[in-house]
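Working notes, structure below.
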Amino acid sequence: MPVEVIFFNVGQGDCTFLYFYKPTTQDGGIPPVSRREGIAAVLIDCGSTQMIRHDGRPETVPWTQERQRDLQGARIREKIRPYLERLPRPNRLNHLVLSHPDIDHFNLLSRVIGERDDSTGRFRLAVGIGKVWYSGYYEEYWEAEGEKFIQTLLRDPEELRNGTNRLETELGMPMSCFRPEPMLLRGTKQTLHVVASTAFTPTSRKVKQFQNRKAKGVWSNASGIAMLLSGADLGGGVRQKLHLMSDTTMETEKWIMTMHEMFPEDAALLRRTRMSWLKMGHHGSATSTSQEWIKHIRPDVLLASAGAKLFGGKTGHPPARHLANVVLPAWRDLRPTSPQLGKTPGEQALRHDIGVYRDPGMLWRNSLRGHYPATYEQGIFTSNFKAEVQLESPERRVRARDGQRIPAYRPVPQRDWTAVDWHLVFDAPNPGDYRFWHEP
């Protein structure tokens, strides 16, 4: 039974949608949503602190945060609506996962699964939810001044129900797991596991040492929910795998690997046995995706949900130096299988350049945005998608600390960046197959 994964463009943020449906031979196993028979749906996070213009859309990015949230939420809501309508229990998510209380992972949910009450201006639930899972404390899920949609959802969802449509929603459950824990999805051949959650306490000495930041910010990332989606078993435990790391850090990765030393059977769950995909932790930032982790799970494809936001006016995600010095050397050593792009066999999907940021303290100090040429790495994909523009300055090469050279880097003004939604389907048309493409 296939599962479609949509990595939504939300700019600086994260939003992933999983849709399980019954197999079909129509249209190469991926017919239009209107001709699918859905089984289950899961939404993992949905938030943004700065949007980036969606490819194919003429509108410019609005200045106000509220208007950005309204636009992004409406687009995502309309895209998942036909999926939810084709489920056995229409208009209902089986699971909603809030990986951790960082606002760029949840502040769009009121616009995606809720609707504004015109009489009060408050949001009410418009989508049923089987179970809500989250890490941390519900009080930390603060969206904006005067908005408490998520806090109410986790504490007392009855307050958010639409009076004319009694939607089933269970009380939010704080998630903590010592070993991989499966999420119940009846009728599917794929499995969805939580592989880490609340790995550290807010006062953990290791977490405080890992980053010189506020304890809450460090703890919420390191203790976030990391998940693993496994495709249909082809025999002997051979499956495709997708690692969804949210904002978890290198300390979380070390924690998972330590648990695998204690329980070898858990290590087998994450071990590469067929095509493997990694959605890098923390938007591909330098806090996550260690060389040890890459060698442990051996991914063929690297993904990052990233936008054009600058932090402290200096840099953003993913940083060029971390990719060039840490991620890419370890990844290339694995001799990964380059993915085939396209929704149908033989389709030549457009490859895209990789959106990266220059690191603070490097030789340049003016233009902060740029890209790697698409011919450089064919297995790395971000939601950033560069439009064809006139380059502002010539290509440059800068020597990295380890003696390697960063590939040609072309500064591109922020206004010329657009982004796309990436779609990944496991087990269509046959078990073990996949399709990977982007849509405007």
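What FRET efficiency, computed as 1/(1 + (r/R0)^6) with R0 = 25 Å and r the Cβ-Cβ distance, is obtained for Asp156 and Glu115, rounded to the nearest 0.05? Walk me through the numbers before you get to the answer.
On the way: r = 18 Å, r/R0 = 0.74.
Calculated value: 0.85.
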**Study point:** Cα-based Rg of the stretch 37-161 normalised by 2.2 N^0.38 Å, two decimals
**Key:** 1.05
Check your understanding: Using mean Cβ contacts within 10 Å as the protection proxy, how do 335-344, 429-438, 12-21, 31-40 order, highest first?
Key -> 12-21, 429-438, 31-40, 335-344
Exercise for review: For the stretch 229-324, state the average projected area of the convex hull of the C-alpha atoms over all orientations, rounded to one decimal in nm².
Suggested key: 6.5
Exercise for review: Step through the residues of the stretch 427-436 one at a time and calculate ³J(HN,Hα) from phi using the Karplus curve (6.51 cos²θ - 1.76 cosθ + 1.60, θ = phi - 60°), rounding each to whole Hz and writing x for Gly and Pro.
Suggested key: 6, 9, x, 10, x, x, 7, 8, 9, 9
Exercise for review: Please check which bits of the stretch 27-49 a label hung off Thr344 would reach, taking the label as a point 7 Å along Cα-to-C-beta and the cut-off as backbone N under 18 Å.
Suggested key: 27-36
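Sort the following peptides by mean Cβ neighbour count (other Cβ atoms within 10 Å, averaged over residues), highest first: 277-286, 316-325, 89-98. Show your work: numbers first, answer last.
Values: 277-286: 24.9, 316-325: 22.5, 89-98: 20.4.
Ranking the peptides 277-286, 316-325, 89-98 by packing returns 277-286, 316-325, 89-98.
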Study note, to complete from the structure: By Cβ neighbour count within 10 Å, fewest first, Ile129, Ile103 rank Ile103, Ile129
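Please compute the net charge surrounding Pro299, taking Lys and Arg as +1 and Asp and Glu as -1 over other residues with Cβ under 9 Å from its Cβ. Intermediate results must be reported in sequence, preceding the final value.
Details: positive: Lys241, Arg272, Arg298; negative: Asp300.
So the surrounding residues net to +2.
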Review point. For the residue pair Ala330 and Asp27, what label-to-label distance in nm results when each label sits 7 Å from Cα along the Cα-to-beta-carbon direction?
Key: 3.9
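Can you tell me what share of the DSSP beta bridges in the stretch 86-155 is antiparallel? A percent to the nearest 5 is fine. Could the numbers behind the result be given before it?
Details: 4 of 10 bridges.
Of those bridges, close to 40 percent are antiparallel.
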**Study point:** Arg35 versus Tyr137: modelled label distance in nm, points set 7 Å from Cα along the beta carbon direction
**Key:** 5.3
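Every number in this text was worked out from the coordinates using simple rules, so none of it is lab data. Everything numeric in this text was worked out from a predicted model, so none of it was measured. Quick reminder, even Gly has a Cβ in these numbers, built from the backbone with ideal geometry, and neighbours come from all protein chains shown.
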